[in-house]
Amino acid sequence: MEVSKIRQLFKKYMLGHTSGEEQQAVDQWYQLFDADVLPNMDEAEQARVKQEIWRGIQPQIVVAKTFYLRRPWISAAAAILLLAGVGATWFMFHSRSRAPRYATYTTRVGERITIHLGDGSLLALNAGTTIRVPEDLSKTRTLQLIDGEAFFDVKTNPDLPFIVESGPVRTTVLGTSFNVAAYKDMHTLTVGVVSGKVRIATNHEQLQVLERDQELIYNKANRQMRVASVDESLPGWKEGRLVFNDVSFDDMVILMEKNFGISISTTADHVKSTRYTTELPTGMDPEKAVQVLAAIHHLKVRVVSPHTVIYE
C-alpha cells in the first residue's frame, strides 16, 4: 500500500470515519505488536533500541505540540504524522526480530571442548573461552569470540564467508583452518593460519592477508600489527599442552589461571621482567605446574593465600 493511502487510512481511523473492513485492518495491524516474538537482547542492546525508538518518535512529538497551538484542525494531521513515525520505528524494531539468533558457548577453567557446527565446520575452544555462534549458519557465518582462544577448521562456502570477530580484529575466510587467541586481559591478539588463507581487518581499516604458517600479532595498546612465522607448537593446547614461547609475566599469569585455576603474583621486579618459555601438560596438578615453571626459570614458589607467589 502506498504511503499516502496509509496516511489517509490512519486519518480516517483517528477521526472515526473508517468502514468496518478498514477498522478491522487497522486493528489487526495493532495486534501484530503482541503477535511477534521479540529477540533476546542484553541490557545494552535494549537500551540502544530504546534510544533509536525515542529518536524516531521525539521529532514527531515536537511537531504535534507546535501545530496544535496554531490550528485545531492540524492536530489530526500531526497525530497522523506521529502515528506514521511510530509505525516506521515499529517496523525497524520488528526487523530486529529477524536478526540472527546466537548460541553462547563457554568453557570453564581447564576445560576444552570441540563443537561440530551445522555447516560442517569444526570449532575447538580452549580453557576460559566464550564465543557466540549463529544458530542458523545458512544465513550468516559471523562468529563473535568474546574472550579466550579457539581453533577453527572451516568448511568451504564461497557464497557465505566465515567471519570471526574478536575485539578490534575481524578475520574473514572462505575455507581454511586457523587459531585465534583473543583473551580480553592480554595486551596482544594473535591469528595463526594452519592451512588456506585469511583476510584480517581491524576497526581502523588496517588490512593484512595471512597465508599458511603465518601468524599475525596485534598489539591492542598501540594498534600495531606484525606478521611472523607460526610457532610449530600452534595449537598445542588442542593436544593438552600449555606452551609459553617468550611470554611476559602478565600474560603467563592469565594463561596459568585459565588453564590451572591458580592465581600467581609477585613483588619482585626481576620476576615481573622475566620472559617465560616452557611447556606444561594441562592435566598436571596446578601446584606442581607452578613449581615446574618456576624451577625452569630459576625461581622459587610459596603460597600466600589466596595467591601463589613467585620470587627469586
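Derivation of every value follows stated rules applied to the coordinates shown; laboratory data play no part. Note that the structure is a prediction, hence the values are computed from the model and not measured. For neighbour counting, all protein chains shown are included, and Cβ atoms are generated from backbone atoms with ideal geometry for every residue, glycine included.
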Counting each pair of different Cα atoms once, what's the Kirkwood radius of the stretch 102-229 in Å, rounded to one decimal? 14.5 Å
Residues GLU232 and GLN144, FRET efficiency given R0 of 35 Å [Cβ-Cβ distance, rounded to 0.05]: 0.75
Entries of LYS184/LYS300; LYS258/LYS288; LYS238/LYS258; LYS155/LYS220 with Cα pairs more than 24 Å apart: LYS184/LYS300; LYS155/LYS220
Residues in the stretch 134-167 reached by a label modelled at THR114 [backbone nitrogen below 19 Å; 7 Å Cα→Cβ]: 149-156
Peptides ranked, highest mean first, by Cβ atoms within 10 Å: ranges 222-231, 248-257: 248-257, 222-231
To one decimal place, what orientation-averaged projected area in nm² is obtained for the convex hull of the Cα set of the stretch 240-311? 4.1 nm²
Sequence gap at least 6, Cα distance under 8 Å: using those rules, report the relative contact order of the stretch 240-311 to the nearest whole percent. 37 percent
